[in-house]
1. Over 22 Å between Cα atoms, which of Lys216/Lys299; Lys91/Lys239; Lys239/Lys299; Lys48/Lys209; Lys199/Lys299; Lys12/Lys209 qualify?
2. Ranked from the most accessible area to the least, with a 1.4 Å probe and all protein chains present, what is the order of Arg59, Arg206?
3. For the range 18-97, rounded, prolate or oblate, judged on the Cα gyration tensor with a ≥ b ≥ c (square roots of eigenvalues), a/c < 1.5 rounded, else prolate if a/b > b/c?
4. How far apart, in nm, are two points set 7 Å out from the Cα along the Cα-to-Cβ line at Arg87 and at Gln136?
5. Could you tell me the accessible area of Glu297 in Å² (1.4 Å probe, neighbours in place), rounded to the nearest ten?
6. Give me the distance in nm between label points sitting 7 Å out from Cα along the Cα-to-Cβ direction at Leu264 and Gln109, one decimal.
7. Please give the peptides 18-30, 240-252 ranked by average Cβ packing (other Cβ atoms within 10 Å per residue), highest first, as a rough proxy for protection.
8. Find the all-direction average of the projected area of the Cα convex hull for the range 172-271, expressing the result in square nanometres with one decimal place.
Amino acid sequence: MEKRLLLGKLIKWILIIGTIIFLYFHFSVFVPIIMAFITALVLEPLVKWFQFRLRTNKRLIPVSISFTLFVLVIGVVIHFTTTYLVREAIKFIYRLPHYMIEINGFIDQLIRDFNKAIADVPQKDLIIRELEQQSQMALAKTQMLSQTAIPTLAQWIQGIPNMIVVTLIYLITLFLLSLDMPSIIQNFYAHFQEGTSQKLKFIFQRLSKVFTGFLKAQVLISIVIFAVAYVGLLYITPKNALIMAIIIWIIDVIPLIGSIVILLPWSLYTLVSGDTTTGLQLVTLTIILLILRRTLEPKIMGDQIGLSALPTLLSIYFGFYFFGFLGMFIGPLLFIAYRSAVEVGIIRTNFKL
């Protein structure tokens, strides 16, 4: 009898570990489904609020309203940000040859000035020859990059149909999961004993608070980023300060990328165009915003989700390392889940070596 129980536990753990390994190596396939489920959980309080306001136990109308509002908000944000980014990217790509000519002229002038400066230096011919070779190599690499930019953009455009299919799967899955969310949660807990079920409810309640805290932290950080960007742009370029600060504020939510997507191409464009002062000011603003986000994010997120700055930073880093972009959200959630499991006794760490 004991052997059967041990064998059953062994098989169960083998299946669990095998499932985890399978999900790890095929994680990208399940991303739309996982994101749809997480979004459905986030929208669940809104659905319940509409149920209460409409005084109905049926979920179809509340889910439809919540789903429509969600799609509208996301659609408006994506429309404005994508339109601007694509327009500016196309402008930049088609002006790259012109930039190459200007850069080439700038390098030639720099070499001439350098030749004058080292006219009396011994072995100057060797130095000049080496610098010319290095500059020509750098220019050749830059030209190759400009030539591959348009094909890369074309490949990205060819991938749009696949992106549309994945988005449709995500939206349909989100709607269906929202409709059946209460029964999904009930069926999930039904597979556990009463004690284990209560412990899991405690863990998921903590995770829910963590996720809410994460959203609050992102809002707080984004407010600081918007304020600093707006003040900086008022000094640098007052005409476009508000609209550009709003775009930077929206884009800055993207981890490890953020405002650099807007400010770096903008600063490079102004530098190449000859407006060195504005370009350097934009580069300085970019660095300030990056430092602000990387400094504030661990502290504010830690305060909101109940972790100190160091565990928050480490969970974000390891999450990104193992799971990529989504890992920056998954990492803190996994750490909170682990700590909650230790608190309720599902995982025991009170051992001594």
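The values are calculated or read from the model by the stated rules, or taken from the named source; none is laboratory data. Everything numeric in this text was worked out from a predicted model, so none of it was measured. Here the Cβ positions follow ideal geometry from the backbone for every residue, glycine too, while neighbour counts run over all protein chains shown. All accessible areas refer to the heavy atoms of the entire protein, side chains included, with ligands and DNA or RNA removed. Shrake-Rupley method; radii C 1.70, N 1.55, O 1.52, S 1.80 Å.
1. Numbers: Lys216/Lys299 13 Å; Lys91/Lys239 20 Å; Lys239/Lys299 34 Å; Lys48/Lys209 17 Å; Lys199/Lys299 29 Å; Lys12/Lys209 30 Å.
Over 22 Å Cα-Cα: Lys239/Lys299; Lys199/Lys299; Lys12/Lys209.
2. On the way: Arg59 30, Arg206 50 Å².
From most exposed to least exposed: Arg206, Arg59.
3. On the way: a/c = 5.33, a/b = 1.41, b/c = 3.77.
Note, shape of the range 18-97 comes out oblate.
4. Placing both labels 7 Å beyond Cα along the Cβ direction yields 4.2 nm.
5. 20 Å²
6. 2.6 nm
7. Details: 18-30: 10.5, 240-252: 18.3.
In decreasing order of mean packing, 18-30, 240-252 become 240-252, 18-30.
8. Values: hull surface 38.1 nm².
Here the figure is 9.5 nm², rounded to one decimal.
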